[in-house]
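**Q** Below: one structure in structure tokens.
The values are calculated or read from the model by the stated rules, or taken from the named source; none is laboratory data. In this text, all values refer to a predicted model and were calculated from it rather than measured experimentally. FYI the Cβ positions are ideal-geometry reconstructions off the backbone, even for glycines, and counts take in every protein chain you see.
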Amino acid sequence: MCLGIPGQIVEIIDAEKKLGKADVSGVKRVINLACIVDEDNPIQSTIGQWVLIHVGFAMSKIDEQEASRTLQLLNELGEAQREILEMELKQQ
Amino acid sequence: MKYVDEFRQPEKAEALFKAIDNLAAPLSDKLARAVHIMEFCGGHTHAIFRFGLEQRLSKSVELIHGPGCPVCVLPMGRVDDCVALAERPEVIFTTFGDAMRVPGSQKSLLQAKADGADIRMVYSPLDALNLAKKNPDREVIFFALGFETTMPSTALTVLQAAEGNISNFSLFCNHITTVPILESLLDSPTFNIDGFVVPGHVSMVVGEKPFATIAERYKKPMVITGFEPLDILQSLHMLLVQLQSGKPCLENQYARVVQKAGNIPGLMAMQKVFELREKFDWRGLGEIDKSGVKITEEYAAFDAERKFAVPNLKVDDPHECQCGEVLKGEIKPWQCKVFGAPCTPQNPLGALMVSSEGACAAYYSFGNTKELLDKRQEARPSK
Ligand code: SF4
């Protein structure tokens with residue numbers, strides 16, 4: 001029930017009702033944008049934005065930088081792990 | 001798919017499994033038992049089973065599946081209320097699909113539908129509102145269920161209904177809140193969990209603060225976590241690092257989606273439409289103070305509980321059900337007396353067998369049931 005799916009906003013349909021269209025894996029669907037627009041983030045600025053969609057609402061913008069930071073950490077962990085493994089192998 | 005595939009890479013998972021093992025082994029030696037990590041959210045439980053993470057974790061870590069599946073903790077009496085509402089001739093009762101098969105004391109919504117009630121599955125509360133607009137001579141009720149994740153969507157739907165003067169739309173509000181239930185678990189003297197995988201999408205709405213407060217108060221490591229396999233593994237690793245350092249705090253693994261302050265427009269809508277109930281009943285866990293919300297006076301016209309008489313009777317679960325013990329992590333699903341027979345996903349006795357997010361259904365569908373039942377048999381004291 002708490003899951004969501006990433007999609008990219010491609011079009012604003014009704015600025016007043018805060019409705020837009022998102023592309024979710026090639027399928028376009030109408031979604032409500034009320035949770036991601038405010039005075040500082042006008043509705044037009046959301047075009048092209050990746051969002052997390054839950055029960056027909058864009059619930060959060062997905063932060064590209066944070067996503068790559070997380071992946072970076074994962075990479076580093078993988079590297080470190082490989083080094084540990086090599087060390088262990090050498091000791092044997 | 002972007003933001004999905006890159007968090008599923010198997011070679012990265014491999015490295016994480018090893019790193020988790022390295023960290024967990026000495027911790028578990030010190031504790032003289034496995035490190036207990038609870039994932040609270042049913043979405044995490046589902047992902048853990050779907051990607052087979054549990055089987056591949058080292059024996060030094062044990063995952064305890066928490067009570068965060070809203071369908072699973074819905075009391076039987078509330079299901080009866082749904083059926084009573086749905087069986088009114090003027091009503092179109094709308095719900096998410098997950099809730100259809102939850103057993104009530106007489107029948108589930110699915111059985112009520114088969115008996116002729118007008119029950120329709122919708123994807124979004126907005127679909128229910130549209131049905132109300134299209135059917136002005138009927139009463140459309142949306143069964144609002146779920147933790148904070150789904151609250152902004154239902155609150156915004158009520159606000160739209162109010163704005164459009166849609167008087168034949170109402171909510172049967174059964175929303176529940178995360179923090180009180182977490183606290184009630186943590187306050188229980190038998191509860192021994194060492195760290196928490198914190199629900200990512202609840203946090204997306206409420207922000208970091210409520211969980212940071214708990215982490216500090218109870219001195220427990222907590223990590224806000226996304227729903228892909230690498231998210232979950234990375235957060236287990238973060239929890240273990242915290243345990244090792246002895247400095248528990250709240251960290252946010254899911255920063256690509258969860259902002260520190262949460263979702264402000266969503267929280268504002270929730271504040272307008274909902275207020276805390278004195279207490280709310282949880283299946284298997286009993287009544288918990290301030291753990292549910294109801295509709296505020298201002299939007300009373302959209303409250304199905306006020307609009308229609310709802311019986312609201314308390315009904316006890318069948319006595320052989322051990323759902324409560326499973327929800328609290330006291331026993332594993334397969335240790336329940338009726339797991340696998342007669343309780344199965346086709347014929348669920350308890351709600352944990354219903355939803356794909358329920359721990360019992362997950363073990364039943366993804367585990368080796370025969371092996372588990374043999375294990376249960378062995379664990380029984382011989383007579
Ligand atoms: S097996 Fe059935 S009755 Fe037992 S805890 Fe699971 S859902 Fe409840």
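**Q** Could you say which residue among B:LEU349, B:LEU372 is crowded, with 18+ Cβ neighbours inside 10 Å, touching a residue at least 40 places away in the same chain (Cβ under 8 Å) and touching a strand residue (DSSP E or B) at 6+ places or on another chain (Cβ under 8 Å)? Please lay out each step first, then the result.
**A** Values: B:LEU372 fails: touching a residue at least 40 places away in the same chain (Cβ under 8 Å).
The conditions single out B:LEU349.
**Q** Has the stretch B:373-383 got at least one residue that is within 12 Å of the ligand (Cβ to nearest atom) and within 30 Å of B:SER170 (Cα to Cα)? It would help to see each step written out before you state the result.
**A** The initial filter retains those residues of the stretch B:373-383 that are within 12 Å of the ligand (Cβ to nearest atom), namely B:373, B:376.
So of that shortlist, the ones also within 30 Å of B:SER170 (Cα to Cα) come out as none.
Looking through the stretch B:373-383, none of the residues is within 12 Å of the ligand (Cβ to nearest atom) and within 30 Å of B:SER170 (Cα to Cα).
**Q** Test of understanding: among B:PHE142, B:PHE93, which residue is modelled with pLDDT of 95 or more and in contact with a Pro (Cβ under 8 Å, 6 or more places away or on another chain)?
**A** Details: B:PHE93 fails: in contact with a Pro (Cβ under 8 Å, 6 or more places away or on another chain).
Checking each option against the conditions leaves just B:PHE142.
Condition check ((1) closer than 18 Å to B:GLU6 by Cβ; (2) under 21 Å from the mean Cα position of the chain (by Cα)) across all residues:
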position	(1), (2)
B:ARG217	no, no
B:THR225	yes, yes
B:ASP231	yes, yes
B:HIS237	yes, no
B:LEU243	no, no
B:LYS247	no, no
B:ALA255	yes, no
B:LYS260	no, no
B:PRO265	no, no
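Here is a yes/no grid of residues against (1) aromatic (Phe, Trp, Tyr); (2) within 16 Å of the ligand (Cβ to nearest atom):
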residue	(1), (2)
B:SER235	no, no
B:GLN242	no, no
B:TYR254	yes, no
B:VAL257	no, no
B:LYS260	no, no
B:ALA269	no, no
B:GLY284	no, yes
B:VAL293	no, no
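**Q** Here's a follow-up. In the stretch A:14-55, how many residues are closer than 15 Å to B:LEU126 by Cα and crowded, with 19+ Cβ neighbours inside 10 Å?
**A** 10
**Q** For the stretch B:214-246, enumerate the residues that are in contact with a strand residue (DSSP E or B) (Cβ under 8 Å, 6 or more places away or on another chain), not in a helix (DSSP H, G or I) and not hydrophobic (A, V, I, L, M, F, W, C).
**A** Answer for the stretch B:214-246, where residues must be in contact with a strand residue (DSSP E or B) (Cβ under 8 Å, 6 or more places away or on another chain), not in a helix (DSSP H, G or I) and not hydrophobic (A, V, I, L, M, F, W, C): B:LYS220, B:PRO221, B:THR225.
**Q** Can you find a residue that is within 14 Å of chain A (Cβ to nearest Cβ) and either more than 16 Å from the ligand (Cβ to nearest atom) or out of contact with any Cys (no Cβ under 8 Å at 6 or more places or on another chain) (or both) anywhere in the stretch B:73-80?
**A** First pass over the stretch B:73-80, keeping only residues within 14 Å of chain A (Cβ to nearest Cβ): B:73-74.
So of that shortlist, the ones also either more than 16 Å from the ligand (Cβ to nearest atom) or out of contact with any Cys (no Cβ under 8 Å at 6 or more places or on another chain) (or both) come out as B:73-74.
Among the residues of the stretch B:73-80, at least one is within 14 Å of chain A (Cβ to nearest Cβ) and either more than 16 Å from the ligand (Cβ to nearest atom) or out of contact with any Cys (no Cβ under 8 Å at 6 or more places or on another chain) (or both), which makes the answer yes.
**Q** Does A:ILE9 qualify as being crowded, with 19+ Cβ neighbours inside 10 Å, in contact with a Ser or Thr (Cβ under 7 Å, 6 or more places away or on another chain) and more than 9 Å from chain B (Cβ to nearest Cβ)? Let's see the steps before the verdict.
**A** Details: crowded, with 19+ Cβ neighbours inside 10 Å: yes; in contact with a Ser or Thr (Cβ under 7 Å, 6 or more places away or on another chain): yes; more than 9 Å from chain B (Cβ to nearest Cβ): yes.
Criteria met by A:ILE9.
**Q** Of everything in the stretch B:271-282, what is more than 16 Å from the ligand (Cβ to nearest atom) and in contact (Cβ under 8 Å) with a residue 60 or more places away in the chain? Give them in sequence order. Quick ask: steps written out before the conclusion?
**A** Step one: list which residues in the stretch B:271-282 are more than 16 Å from the ligand (Cβ to nearest atom), which gives B:271-281.
Once the filter is applied, which keeps residues that are more than 16 Å from the ligand (Cβ to nearest atom) and in contact (Cβ under 8 Å) with a residue 60 or more places away in the chain, the stretch B:271-282 yields B:LYS272, B:VAL273, B:PHE274, B:LEU276, B:PHE280, B:ASP281.
**Q** Inspect all residues belonging to the stretch B:368-383 and state whether any of them is at pLDDT below 85 and under 20 Å from the mean Cα position of the chain (by Cα).
**A** Within the stretch B:368-383, not a single residue is at pLDDT below 85 and under 20 Å from the mean Cα position of the chain (by Cα).
**Q** Answer yes or no: is there a residue in the stretch B:338-351 that is within 14 Å of chain A (Cβ to nearest Cβ), within 16 Å of the ligand (Cβ to nearest atom) and under 21 Å from B:HIS46 (Cβ atoms).
**A** Filtering the stretch B:338-351 for residues within 14 Å of chain A (Cβ to nearest Cβ) gives B:351.
Narrowing the set further to residues that are within 16 Å of the ligand (Cβ to nearest atom) leaves B:351.
When the remaining residues are screened for being under 21 Å from B:HIS46 (Cβ atoms), the result is B:351.
Yes, the stretch B:338-351 contains at least one residue that is within 14 Å of chain A (Cβ to nearest Cβ), within 16 Å of the ligand (Cβ to nearest atom) and under 21 Å from B:HIS46 (Cβ atoms).
**Q** Another question about this same structure. Please indicate, with yes or no, whether at least one residue in the stretch B:127-134 is surrounded by 24 or more Cβ atoms within 10 Å (Cβ to Cβ) and within 14 Å of chain A (Cβ to nearest Cβ).
**A** For the stretch B:127-134, residues surrounded by 24 or more Cβ atoms within 10 Å (Cβ to Cβ) and within 14 Å of chain A (Cβ to nearest Cβ): present.
**Q** Condition check: modelled with pLDDT under 95 and assigned to a helix (DSSP H, G or I). Does B:ILE193 satisfy that?
**A** Details: modelled with pLDDT under 95: yes; assigned to a helix (DSSP H, G or I): no.
Judged against the criteria, B:ILE193 is not a match.
**Q** On to the next question. Mind listing just one residue for me: the one in the stretch A:52-64 that is within 22 Å of B:PRO229 (Cβ to Cβ) and more than 7 Å from every other protein chain (Cβ to nearest Cβ) and, of those, modelled with the lowest pLDDT? Explain how you work it out, then say what you get.
**A** First pass over the stretch A:52-64, keeping only residues within 22 Å of B:PRO229 (Cβ to Cβ): A:52-54, A:59-60, A:62-64.
Narrowing the set further to residues that are more than 7 Å from every other protein chain (Cβ to nearest Cβ) leaves A:53, A:64.
Working: A:ILE53: 94, A:GLU64: 90.
Selected residue: A:GLU64.
**Q** What pairs come up if the first residue lies in the stretch B:191-213 and is within 14 Å of another protein chain (Cβ to nearest Cβ) and among the polar types (S, T, N, Q), the second is surrounded by 21 or more Cβ atoms within 10 Å (Cβ to Cβ) and part of a helix (DSSP H, G or I), and their beta carbons are under 7 Å apart, counting only those six or more places apart or on different chains?
**A** Here the result reads B:SER203/B:PHE211, each pair linking the stretch B:191-213 to a residue that is surrounded by 21 or more Cβ atoms within 10 Å (Cβ to Cβ) and part of a helix (DSSP H, G or I).
**Q** Further, regarding this structure: Which residues, counting only those in the stretch A:56-92, are of a type in the set (A, V, I, L, M, F, W, C), without any contact (Cβ under 8 Å) to a residue 24 or more places away in the chain and surrounded by 11 or more Cβ atoms within 10 Å (Cβ to Cβ)?
**A** We begin by selecting, within the stretch A:56-92, every residue of a type in the set (A, V, I, L, M, F, W, C); these are A:57-59, A:62, A:67, A:71, A:73-74, A:77, A:80, A:84-85, A:87, A:89.
The next check asks that each one be without any contact (Cβ under 8 Å) to a residue 24 or more places away in the chain; those that pass are A:67, A:71, A:73-74, A:77, A:80, A:84-85, A:87, A:89.
Scanning the stretch A:56-92 gives A:ALA67, A:LEU71, A:LEU73, A:LEU74, A:LEU77, A:ALA80, A:ILE84, A:LEU85.
**Q** Inspect the stretch B:267-280 for any residue being under 25 Å from B:ILE141 (Cβ atoms), buried (at least 21 other Cβ atoms within 10 Å of the Cβ) and modelled with pLDDT under 95 and give the result as yes or no.
**A** Yes, some residue in the stretch B:267-280 is under 25 Å from B:ILE141 (Cβ atoms), buried (at least 21 other Cβ atoms within 10 Å of the Cβ) and modelled with pLDDT under 95.
**Q** In the stretch B:307-323, which residue that is near the ligand (Cβ under 8 Å from one of its atoms) and more than 19 Å from B:LEU145 (Cβ to Cβ) is nearest to the other protein chains (Cβ to nearest Cβ)?
**A** Filtering the stretch B:307-323 for residues that are near the ligand (Cβ under 8 Å from one of its atoms) and more than 19 Å from B:LEU145 (Cβ to Cβ), the one nearest to the other protein chains (Cβ to nearest Cβ) comes out as B:CYS321.
**Q** Please give the strands (runs of 3 or more DSSP E) falling wholly within chain A in which 1 or more residues are farther than 25 Å from B:ASP98 by Cα.
**A** On the way: elements: A:5-14, A:19-24, A:27-32, A:50-54, A:57-61.
Where strands (runs of 3 or more DSSP E) fall fully within chain A and carry at least 1 residues being farther than 25 Å from B:ASP98 by Cα, they are A:5-14, A:19-24, A:50-54, A:57-61.
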